[in-house]
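Scroll down for the structure; my scribbles are underneath it.
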Amino acid sequence: MEINRDNILEVCRKSNIHPTKDYGQNFLITPDTSKRIVDSLDINDEDVILEVGPGIGSLTHFLSMYQNNIDVVDIDYQMTSFLNVVYQDNKNINIIENDIRKHDVSKYTKIVANLPYNITTEVIVYLLMNAKKAKKMVLMCQNETFLHFFNTSGSEYGPTSILIHLLGSINRLLVVGKGCFYPVPKVDSTVFEINIEKEINEDIIKAYKVSKSLFLNRRKTIFNNLSNFIKDKELAKSILKDASIMENLRPEQIPPEKFLEISLLISKIKEG
């Protein structure tokens with residue numbers, strides 16, 4: 001079922017659907033945008049697809065035109081009940097009621113989601129850590145939140161961006177105005193793609209965890225943060241020297257690959 005401006009209120013009324021703030025539900029009501037998002041997945045015949053947080057199926061409608069195995073996961077019973085009726089004849093579409101953070105995502109090669117605003121970062125990190133076969137994710141979030149994933153320096157830069165850039169690349173695809181949703185949110189959204197070029201491994205996971213610790217005090221220098229983290233100033237000096245990182249830089253001035261280098265040096269010392 002195509003979801004658009006003309007039918008959104010009638011669909012919600014007839015199905016007794018009430019979007020909730022608790023789940024960050026804002027339904028996309030511009031079919032052209034929904035199609036562009038699904039098209040951006042570049043689905044091939046072998047892909048196993050996951051849609052996260054479908055709501056009433058704005059993206060699901062266009063996914064249903066493919067014959068791939070498609071799992072659609074939503075935490076809200078009113079959404080999964082509605083979609084189960086709409087797509088009961090689509091045997092390749094599996095509607096699942098679950099919290100995505102508890103769902104096994106290891107088999108999917110392509111992932112698409114209009115992410116709930118309140119858990120955007122948490123869901124992205126979960127997907128990156130656990131969707132080990134994923135090659136591409138097309139996601140939507142608030143404009144300002146996107147910068148925390150895209151930037152590799154400055155005040156918006158942080159551990160999630162480091163994780164993304166250690167695994168692959170991220171690109172903005174389009175901006176979606178707040179008027180394209182029901183109910184209307186307070187801000188515009190960004191659709192972006194993450195192309196995953198490296199399989200998640202222990203080195204990248206450790207680097208992400210180390211970066212989280214080194215970003216705890218953003219105003220302090222990398223030397224002070226690293227010294228506090230490993231409890232050894234001389235060792236911190238040695239690590240930064242080996243990684244060719246100036247001691248007076250702040251974490252937000254250090255590129256993602258250097259956090260991997262720091263993490264590897266820490267591990268080497270612990271193993272030695």
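Readers should treat all values here as calculations from the given coordinates under stated rules, not as data from a laboratory. Predicted model only: the values in this text are computed from it and were never measured. Counting neighbours? That spans all protein chains shown, and the Cβs are built from the backbone with ideal geometry, glycine included.
So how do 208-215, 162-169 stack up, highest first, on mean other-Cβ count within 10 Å? Working shown, then result.
Values: 208-215: 19.6, 162-169: 21.2.
Put in order of decreasing packing, that is 162-169, 208-215.
Go through 134-145, 234-245 and give me the packing order, highest mean Cβ count within 10 Å leading.
Details: 134-145: 19.9, 234-245: 15.9.
In descending order of packing, they fall as 134-145, 234-245.
So how far apart, in nm, are the two label points at VAL85 and ASN217 if each is 7 Å from Cα heading toward Cβ?
Using points 7 Å along Cα→Cβ, the separation is 5.8 nm.
Calculate how large, on average over all directions, the projected area of the Cα convex hull of segment 136-268 is; give the answer in nm² to one decimal.
Details: hull surface 35.3 nm².
The Cα convex hull of segment 136-268, projected and averaged over all directions, gives 8.8 nm².
Once each part is reduced to its C-alpha centroid, what is the distance from segment 46-105 to segment 179-225 in angstrom?
Rounded to whole Å, the Cα centres lie 26 Å apart.
Given the -39500 (n - 2.57) contribution per DSSP H run of 4+ residues, what per-residue ellipticity at 222 nm results for the chain, rounded to the nearest 500 deg cm²/dmol? Intermediate values should be presented prior to the final figure.
On the way: 11 runs with 106 residues, N = 272.
Helix contribution divided over all residues of the chain: -11500 deg cm²/dmol.
For labels at SER106 and LYS231 in the simple 7 Å Cα→Cβ model, what's the distance in nm?
Simple spin-label model gives 3.4 nm for this pair.
Extending each Cα 7 Å along its Cβ direction at LYS241 and ASN44, get the distance between those two points in nm, one decimal.
Taking the simple label geometry, LYS241 and ASN44 are separated by 4.9 nm.
Check each of the GluC sites (Glu not before Pro) in segment 175-205 and keep only those in coil by DSSP with at most 11 other C-beta atoms within 10 angstrom; list them in order. Mind dumping the intermediate values first?
Details: sites: GLU193, GLU197, GLU199, GLU202; in loops: GLU197, GLU199.
Here the GluC sites (Glu not before Pro) that fit, given the DSSP loop and packing criteria, are GLU197, GLU199.
Rank these for me by crowding, SER15, SER34, going from fewest to most other beta carbons within 10 Å.
Details: SER15 15, SER34 24.
Ascending Cβ contact count within 10 Å gives the list SER15, SER34.
What is the fewest-to-most order of TYR126, TYR108 by other Cβ atoms lying within 10 Å of their Cβ?
Working: TYR126 17, TYR108 26.
In order of increasing Cβ crowding within 10 Å: TYR126, TYR108.
Can you give me the three principal axis dimensions of the chain from its C-alpha atoms, in Å, biggest first?
That works out to 68, 37, 27 Å along the principal axes.
Past 24 Å, Cα to Cα, is the threshold; run LYS135/LYS178; LYS21/LYS132; LYS102/LYS136; LYS178/LYS209 against it and keep the listed order. Before the final figure, lay out each step's value.
On the way: LYS135/LYS178 29 Å; LYS21/LYS132 31 Å; LYS102/LYS136 20 Å; LYS178/LYS209 34 Å.
Among LYS135/LYS178; LYS21/LYS132; LYS102/LYS136; LYS178/LYS209, the Cα-Cα distance tops 24 Å for LYS135/LYS178; LYS21/LYS132; LYS178/LYS209.
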